[in-house]
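Everything below concerns the one structure shown next.
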Amino acid sequence: MTAKDRPMTSEALKEEVLTLAKIVDVTPKEIHIQSMKHKWASCSSKGRLTFDKTILEQPDKLRTKIILHELLHLKYPNHGTMFKSLLATYFATLDRSTDSGGVQSISQFGK
């Protein structure tokens, strides 16, 4: 197992969420990591993001997609056309990247 494959810490995940939040131009009120039975993450109407603990063990690209999905709910609370369009644009940027697909892939978005 390489260093890149090792699970990240809860604090590192929170830092990644905040870094991506700046790129997406949103501000989560709270970020929590806990066990969730049926989903990767959730976003409350009050701006609280909750992530399942297993996200810490996921590959960078998948973890970034999960985080982006929840952050975009701070702009668009439902899965309507605007939400889907913006999410697809971010995902396309990630999928075109040549690195592992983490924050660095998306940091150039819109530049």
Exercise. For ILE33, which sequence-distant residues (separation of 5 or more, or a different chain) have an amide H within less than 5 Å of its own amide H, given hydrogens modelled in the peptide plane?
Worked result: PHE51
Seminar exercise, completed: GLN58 and LEU86 label points (each 7 Å along its Cα→Cβ direction) are spaced in nm at 1.9 nm
Exercise. Points 7 angstrom from Cα along the Cβ direction at ALA12 and HIS38: gap in nanometres?
Worked result: 3.2 nm
For this session: For the range 69-75, take each phi angle, set θ = phi - 60°, evaluate the Karplus expression 6.51 cos²θ - 1.76 cosθ + 1.60, and give the result in whole Hz per residue in order, putting x for glycine and proline.
Result: 4, 5, 4, 5, 5, 6, 9
For this session: Taking amide H positions as placed in the peptide plane 1.01 Å from N, state which residues far from ALA41 in sequence (5 or more) or on other chains have amide H under 5 Å from it.
Result: ASP52
Problem set entry | Candidate lysines - alpha carbon under 25 Å from LYS22, same-chain residues fewer than 8 apart omitted | LYS4, LYS14, LYS39, LYS46, LYS53, LYS61, LYS65, LYS75, LYS84, LYS111
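Please give me, ordered by residue number, the trypsin sites (Lys or Arg not before Pro) of the range 10-61 that lie in loop per DSSP and have at most 11 other Cβ atoms within 10 Å.
Values: sites: LYS14, LYS22, LYS29, LYS37, LYS39, LYS46, ARG48, LYS53, LYS61; in loops: LYS29, LYS37, LYS39, LYS46.
Listed in order of number, the matching sites are LYS29, LYS37, LYS39, LYS46.
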Seminar exercise, completed: In whole Hz, the Karplus estimates of ³J(HN,Hα) for the range 54-68 (6.51, -1.76, 1.60; θ = phi - 60°; x where Gly or Pro) are 5, 4, 5, 9, 7, x, 3, 5, 5, 4, 5, 5, 5, 4, 4
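Using +1 on the beta carbon of Lys and Arg, -1 on that of Asp and Glu, and nothing else charged, what's the dipole of the range 1-65 about the Cα centre, debye to 20?
220 debye
Where a number appears in this text, it was derived from the coordinates with a stated rule and is not lab data. Computed from a prediction, not measured in an experiment: that's the story for all the values here. Glycine also receives a Cβ, built like all others from the backbone with ideal geometry; neighbour counts cover every protein chain displayed.
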